[in-house]
Structure formats: C-alpha cells, structure tokens
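For reference, the structure discussed in these notes is given below.
Nothing in this text is a laboratory measurement; each read-out follows from the coordinates by a stated rule. Small disclaimer: the values here were computed from a predicted structure and weren't measured. Note: ideal-geometry Cβ built from the backbone for every residue, glycine included; neighbour counts use all protein chains shown.
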Amino acid sequence: MIKRFVAQVAIVGVGALALLGLGAVSSVLTRGEPLVGPVVAAEAEGAMALADVKGQLKVTRQELERAHQILDYSGRYSIPADLSALIYDNAVAEGIPASIGFQLVKIESDFTNTAASSASAIGLTQLRLPTARTYDSGLNASDLQNPEVNLRIGFRYLKDLLKRFDNNAALALEAYNKGPTLVAAQQELGMQIEGKYSRAVLGGLRKRT
C-alpha cells in the first residue's frame, strides 16, 4: 500500500511539473513571445562548431600533404628530410613550384651548402653576393652559407625573374644562370635563348615525374 502511495505521489509530481512546463510555454505563446531565439542560437553554435572542425581538417590535410611532399622529395634526391623541408617550405613561401626549386638546387650545388664557384657564387642556390644584397644590403658572404637565407633569397630572385619574363620558366632559368640583362638583350635581338641550363632543370623535372 505504501509503495503504491509513493508511486502515485511521484506520478502526480511529474504531472504537475509537466503542467507547469506546459503552462510556461502557454504563457509565452499567449504573450506572443517567440521561441526561435534559443533554437537559432543553438543552430549558430552548431554551424560554428562544424566550421571549426572543417577548418581543422583542412589544416590537417595540408600538413599531411606537406609531410608527404617533403618525404617524397627526400627520397627522390636522396637528401636528408630536414634539408628537403627547408627547400620545400622556402619554395612554397616564395610562390615557385617546389619541383623547380629542388631541381635548381640539384643543378646549382648538388645540395651542398658549402658549394662555391669560380664566379664567386655561394651556397645551395649559388647566389653571388651583389645579387643577394639587392634583397638584403646587410648580407656578407658567410650569410649565404646559411641554408635558410640562401634558399629564401635564391628562390625570391627566381620568382622575380619569372615575373619579369612573363612566367616563362625557360627564360627565367636562363636569366638566373646568365643574368637577366643578357637574356633581355638576346630577347630583343630575337636570338635563341633557351639553352643547356634551362633544359637541364626542366628536363630533370620530366625524368623525375
């Protein structure tokens, strides 16, 4: 009997709470107050959460693609992963194709940071100090043996040459090798410009793809 009474009291209590809830809703409806506010807020929060997840997924995909590319180039050229990462990141940062960046470094220095030529070209991208100083006047020769500095300036120089020669990779590469003044003069005279250097870089890309 006591158990039945307790159960009845519980049922009545629940019913009362339900009626109170319905009464509150009825009151809101009677006053004409909208119920959509909380719903809209919840939808907005859900949309923001979904956008955040999508953004994180995009970043993750980009990081995975970067890691894949770095390891791929490291294997192709048999170079350490940290050097591959430096070349890849600097090429991407300067807006030049990573494939051209790697092949240029291969041709210029064979990935040897201490490489130096008889023409006083230094480092991975074989920059001459006067050329490097057009981008940073405070540089000295030893700075060009810093891989980060050398790659950043070398690739920026190539990017500027691509702009100057209307994104013609062969002309820009020849200008990188011979100097833009000579290539521009040859262009004015209608001479054949594409030569051994650009063929070595671009031909190397085709062999490795």
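Summary of values
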| read-out | value |
| --- | --- |
| Net +/- balance of residues flanking residue 197 in space, Cβ distance below 12 Å, scoring K and R +1, D and E -1 | 0 |
| Sites residue 57 and residue 78 - FRET efficiency at Förster radius 35 Å, r taken between beta-carbons, to 0.05 | 0.60 |
| Gain upon complete extension [residue 191, residue 41; 0.36 nm per residue less C-alpha separation] | 47.2 nm |
| Neighbour-count order for 71, 158, fewest beta carbons within 10 angstrom listed first | 71, 158 |
| Stretchable slack from residue 50 to residue 133, in nm (0.36 nm times residue separation minus alpha-carbon distance) | 25.1 nm |
| Extent along principal axes [Cα atoms of the range 42-165; Å; largest to smallest] | 68, 32, 28 |
| For the range 156-206 versus the range 57-106, the gap between their alpha-carbon centres in whole angstrom | 23 |
